[in-house]
Amino acid sequence: MSRVCEICGKGPMVGYNVSHAHNKTKKVWYPNLQKIRVVVNGRVKRMKVCTRCIRSGRVTKPVTYKG
């Protein structure tokens, strides 16, 4: 399972946790990915998309009818 946004390609970032004594331990920050239904080329598809792409309107959600 890849932790990469299928729209913008945002993936994990690596760095260090740095303590007060300046001890460094490796750390990974993962993007906030959501599995959502997206309209792509007129068809509904399930994708893993970061919340930044959802908020900015890069993806269009399908219209759901309740009735």
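Within the stretch 1-51, being among the aliphatic types (A, V, I, L, M) and touching a helix residue (DSSP H, G or I) at 6+ places or on another chain (Cβ under 6 Å) holds for one residue alone: Ile7. Of all the residues in the stretch 19-45, those that are more than 12 Å from Cys5 (Cα to Cα) and in contact with a Lys or Arg (Cβ under 8 Å, 6 or more places away or on another chain) number 5. Here the condition is being surrounded by 13 or more Cβ atoms within 10 Å (Cβ to Cβ) and outside any helix (DSSP H, G or I); of Arg58, Arg52, it holds for Arg58 alone.
If you take the residues of the stretch 1-34 that are over 22 Å from the mean Cα position of the chain (by Cα) and in a loop (DSSP other than H, G, I, E, B), which of them is nearest to Val49 (Cα to Cα)? Per the criteria, the residue is Ser19.
Could you pull out the residue among Val39, Val28 that is aliphatic (A, V, I, L, M) and either surrounded by 11 or more Cβ atoms within 10 Å (Cβ to Cβ) or modelled with pLDDT under 95 (or both)?
Numbers: Val28 fails: either surrounded by 11 or more Cβ atoms within 10 Å (Cβ to Cβ) or modelled with pLDDT under 95 (or both).
Within the list Val39, Val28, the selection yields Val39.
Would you mind stating whether Lys66 is free of Cβ contacts under 8 Å to residues at least 40 places away in the same chain, more than 16 Å from the chain's Cα centre (by Cα) and surrounded by 11 or more Cβ atoms within 10 Å (Cβ to Cβ)? First the steps, then the outcome.
On the way: free of Cβ contacts under 8 Å to residues at least 40 places away in the same chain: yes; more than 16 Å from the chain's Cα centre (by Cα): yes; surrounded by 11 or more Cβ atoms within 10 Å (Cβ to Cβ): no.
Criteria not met by Lys66.
The values are calculated or read from the model by the stated rules, or taken from the named source; none is laboratory data. Just so it is clear, the model here is predicted, and its values are computed rather than measured. Cβ: placed from backbone, ideal geometry, glycine included. Neighbour counts: every protein chain shown.
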